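Below is one structure, written out as structure tokens, with a few remarks after it.
Each reported figure results from applying straightforward, stated rules to the coordinates on display, with no laboratory input. None of the values given here were measured: they were computed from a predicted structure. For neighbour counting, all protein chains shown are included, and Cβ atoms are generated from backbone atoms with ideal geometry for every residue, glycine included.
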Amino acid sequence: MPAPKLTFVAADTEPALQAQARLERLYPTVPFDQAEVVVALGGDGFMLETLHRSVAQGVPIYGMNRGTVGFLMNGYAEDGLVERVERAAEVSLHPLRMRARTIKGDAVDALAINEVSLLREGRQAAKIRVRIDGIVRLDELVCDGVLVATPAGSTAYNLSAHGPIVPLGAGVLALTPISAFRPRRWRGALVPHKAEVTFEILEAAKRPVSAVADDREVRNVAEVAIREDRAITLRLLFDPAQKLEERILKEQFTP
């Protein structure tokens, strides 16, 4: 069986670019649009960029950490890369699709692999009405913000906001407030992955709110609808001993 056709992409940092140069001397490469596997060199942020770039192509991504945390990456090693890629376990992810409408009536569509977060833009707390599948679940959430996270993204911003870690395959999304003032004791919810979560911004002109889908920001939103897009499948490759499912499970027992 022939070796998979590889292409290397790197974050704009010295460690990542140096790694790319060394690996391209060691292994044959093809252009990005001809690759059977993309090897991403950087950190988690760069992995998200690479996944967004690969949406149309659907090619699997094998990451090697040349960044900081590297939760979505494998360890970096130059030897035996083809064999590691061939033995890797594949994980399929479905992104969130955000449909935002601004106070001026502009519509913006964007994908998020980790989370969609709403954040206040000014000094006043945001006031947000929360609907799940059209039913009002919170008439008024007064907060710094609120987010919806995928299982893969539940260990990122969601965890920092004290949201739950969600195992892959659990079939739920995390709905987590950011510094909720009212209701003060509301800590968020788990919602079915097929549900549509809609945030209506109350007093939007007086209390402006921005919406961020991974790194795509839309300012002065009036309403944001979020649902999982099952029509899109993103493919990540992990060394068998470092599967993403195991990492997420292990994170729940990390002090």
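Just to confirm a number: summing +1 for Lys and Arg and -1 for Asp and Glu over residues other than Val136 whose beta-carbon lies under 15 angstrom from that of Val136, what do you get?
Values: positive: Lys127, Arg129, Arg131, Arg137; negative: Asp133, Asp139, Glu140, Glu196, Glu200, Glu223.
Every neighbour counted, the sum reads -2.
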Label zone at Asp106 (point 7 Å along Cα-to-Cβ), backbone N below 19 Å, segment 195-225: 201, 204-225
7 Å from Cα along Cα→Cβ at both Arg87 and Val69: what's the point-to-point distance in nm? 2.8
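Once fully extended, how much extra length lies between Glu140 and Ala77, figured as 0.36 nm per residue of separation less the alpha-carbon to alpha-carbon distance? Numbers along the way, then the final one.
On the way: separation 63, 0.36 × 63 = 22.68 nm, distance 5.05 nm.
Net length gain for the segment: 17.6 nm.
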log10 of Debye I(q)/I(0), alpha-carbon scatterers only, for the chain at 0.09 Å⁻¹: -0.43
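Quote to one decimal, in nm, the extra length available between Trp186 and Asp215 on full extension: 0.36 nm per residue of separation minus the C-alpha distance between them. Let's see the in-between values first.
Working: separation 29, 0.36 × 29 = 10.44 nm, distance 2.68 nm.
That pair, Trp186 and Asp215, stretches by 7.8 nm at full extension.
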Point-to-point label distance, Arg25-Thr254, nm (Cα→Cβ direction, 7 Å offset): 3.4
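Give the peptides 161-167, 24-30 in descending order of average Cβ contacts within 10 Å, highest first.
Working: 161-167: 19.6, 24-30: 12.7.
Top to bottom by mean Cβ count within 10 Å: 161-167, 24-30.
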Beta bridge orientation in the chain: antiparallel %, DSSP, nearest 5: 80
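For each of Thr176, Thr7, Thr13, Thr254, count neighbouring Cβ atoms within 10 Å of the residue's Cβ, then give the residues from fewest to most.
Numbers: Thr176 26, Thr7 19, Thr13 15, Thr254 7.
With the sparsest Cβ surroundings first, the list reads Thr254, Thr13, Thr7, Thr176.
Could you give the size of the charge dipole of the chain about its Cα centre, using +1 on the Cβ of each K and R and -1 on the Cβ of each D and E, expressed in debye and rounded to the nearest 20? Walk me through the numbers on the way to the answer.
On the way: 32 positive and 33 negative charges, 210 e Å.
Roughly 1000 debye for the chain.
Rounded, prolate or oblate: which fits segment 25-81, taking a ≥ b ≥ c as square roots of the Cα gyration tensor eigenvalues, rounded meaning a/c under 1.5, else prolate when a/b beats b/c? Write down the numbers at each step before the final one.
On the way: a/c = 2.33, a/b = 1.09, b/c = 2.14.
Taking the square roots of the gyration eigenvalues as a ≥ b ≥ c, segment 25-81 is oblate.
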For Asp133 and Glu36, extending 7 Å from Cα along the Cα-Cβ vector and measuring point to point gives, in nm, a value of 4.3
Please identify every one of the trypsin sites (Lys or Arg not before Pro) in segment 89-148 that sits in a loop by DSSP and has no more than 12 other beta carbons within 10 Å of its own beta carbon. Lys104, Arg123
Counting Lys and Arg as +1 and Asp and Glu as -1, each charge on the Cβ, what is the dipole of segment 96-228 about the Cα centre in debye, to the nearest 20? 420
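Sort Ser117, Ser179, Ser54, Ser92 so the one with the fewest other Cβ atoms within 10 Å of its own Cβ comes first.
Values: Ser117 25, Ser179 14, Ser54 19, Ser92 10.
Arranged by neighbour count, lowest to highest, Ser117, Ser179, Ser54, Ser92 become Ser92, Ser179, Ser54, Ser117.
May I ask for the net charge around Leu72, where only other residues with Cβ less than 15 Å from the Cβ of Leu72 are counted and Lys, Arg are +1 while Asp, Glu are -1? Working shown, then result.
Numbers: positive: Arg53, Arg66, Arg235, Lys243, Arg247, Lys250; negative: Asp44, Glu49, Glu90, Glu115, Asp214, Asp215, Asp239, Glu245, Glu246, Glu251.
The answer is -4.
Only counting other Cβ atoms within 10 Å, I'd like Thr233, Thr198 sorted with the fewest neighbours first. The partial results should precede the final answer.
Details: Thr233 12, Thr198 19.
Ranking Thr233, Thr198 by Cβ neighbours within 10 Å, fewest first, gives Thr233, Thr198.
Can you give the net charge of the other residues whose Cβ lies under 14 Å from the Cβ of Ala3, counting K and R as +1 and D and E as -1?
Numbers: positive: Lys5, Arg84, Arg87; negative: Glu36, Glu83, Glu86.
Here the charged neighbours net out to 0.
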Compute log10 of I(q)/I(0) for segment 178-236 with the Debye formula, placing one identical point scatterer on every Cα and leaving out solvent, at q = 0.13 Å⁻¹, to two decimals. -0.49
Structure shown: which of Lys194/Lys243; Lys104/Lys194; Lys5/Lys194 lie over 31 Å apart, alpha-carbon to alpha-carbon? Lys5/Lys194
